[in-house]
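What follows is a short report on a single structure.
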Amino acid sequence: GLPVWFKSGKKLLVSVSQEAYQQPFERGIYTVNTTTKSVSGPLAVLMEATYLGNNDRYAIGQKYTYDNNELSGNFARYDFSDSTWHWITSFSKDSLRHVEPPTPSPTSELIVQSREIQNAEQLFLMNKNGKALRQITELGGDNPRWGDKGSSFIFRRDVNRGPGARYVPYRFDMETMK
């Protein structure tokens, strides 16, 4: 995953996803303090983080294992407070290509994720543990991006209604759930 800035603007969350020649870093996620130029990690081995959630309390990303664990490649949450990681999805390996990385709210414990259902991308809302899962779109949706306050997110919908704009942005309000 790409580096992600913490809200302080002084730290980066980075992922090392491949073993490089003569590289001192094991595959996993790290924090880089840009003020002190110090590196911490790996915080979680074989994890590629994509987002920070709930005021930088945790990171979300894909987690792999060295063993033949059936969950390897699923999405996990790394908690900075106690340095633990937890699975939040449990897809079979052949289903992982039908889901996008979960996108956590910047201010709460909610996560939104795009999943392919009957050949259409739909959005699902869940808690930080991957539980209380519920589908929130019926007419399609993908690529969700939360607003700064976490009270809404923007997503795109494929309207495919002839010439012109095919993907149209929509706003989902967390208060009205519409």
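The values are calculated or read from the model by the stated rules, or taken from the named source; none is laboratory data. Note that this is a predicted model, so its numbers are computed, not measured. Counting neighbours? That spans all protein chains shown, and the Cβs are built from the backbone with ideal geometry, glycine included. Heads up: the accessible areas ignore ligands, DNA and RNA and are worked out on the full protein's heavy atoms, side chains in. Shrake-Rupley method; radii C 1.70, N 1.55, O 1.52, S 1.80 Å.
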Dimensions in Å of region 86-143 - Rg and Dmax from alpha carbons:
11.1, 32
Distance histogram in 10 Å bins (all Cα pairs of region 24-106, percent per bin)
17, 49, 28, 6, 0
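Which trypsin sites (Lys or Arg not before Pro) in region 18-110 sit in a loop by DSSP (not H, G, I, E or B) and have at most 16 other Cβ atoms within 10 Å of their own Cβ? Let's see the in-between values first.
On the way: sites: Arg27, Lys37, Arg57, Lys63, Arg77, Lys93, Arg97; in loops: Arg27, Lys37, Arg57.
For trypsin sites (Lys or Arg not before Pro) across region 18-110 that sit outside H, G, I, E and B with at most 16 neighbouring Cβ atoms in 10 Å, the list reads Lys37, Arg57.
Percent of accessible area on region 4-90 owned by carbon and sulfur, 1.4 Å probe? All intermediate terms of the calculation are to be shown ahead of the outcome.
On the way: 2270 of 4780 Å².
Here it works out to 48 percent.
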Of all the accessible heavy-atom surface of region 99-156, with the other protein chains kept in place and a 1.4 Å probe, what percent is carbon and sulfur?
46 percent
Please list, ordered by chain and number, the residues whose modelled amide H lies under 5 Å from the amide H of Leu110; skip anything fewer than 5 residues away on the same chain.
Ser105
If you line up the Cα atoms of region 73-178 on their principal axes, what length do they span on each, largest first, in Å?
51, 35, 20
Rg/Rh ratio calculated on Cα atoms of the chain (Kirkwood radius)
1.00
Please work out the average accessible area per residue across the chain, using the 1.4 Å probe convention, and give it in Å².
59 Å²
Given region 1-54, what whole percent of its Cα pairs are spread farther than 12 Å?
62 percent
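Can you pull out the chymotrypsin sites (Phe, Trp or Tyr not before Pro) in region 1-95 whose DSSP state is coil and whose Cβ has at most 14 other Cβ atoms within 10 Å? Before the final figure, lay out each step's value.
Numbers: sites: Trp5, Phe6, Tyr21, Phe25, Tyr30, Tyr51, Tyr58, Tyr64, Tyr66, Phe75, Tyr78, Phe80, Trp85, Trp87, Phe91; in loops: Phe6, Tyr21, Phe25, Tyr64, Tyr66, Phe80, Phe91.
Of the chymotrypsin sites (Phe, Trp or Tyr not before Pro), the ones in loops of region 1-95 whose Cβ has at most 14 other Cβ atoms within 10 Å are Tyr21, Phe25, Tyr66.
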Residue by residue, what Karplus-based ³J(HN,Hα) values in Hz, rounded to whole numbers, does region 122-133 have, using 6.51, -1.76 and 1.60 with θ = phi - 60° and x for Gly and Pro?
10, 9, 10, 10, 8, 7, 5, 8, x, 9, 6, 6
Probe 1.4 Å, all chains present, heavy atoms only: Lys131 accessible area in Å², nearest 10, is 130 Å²
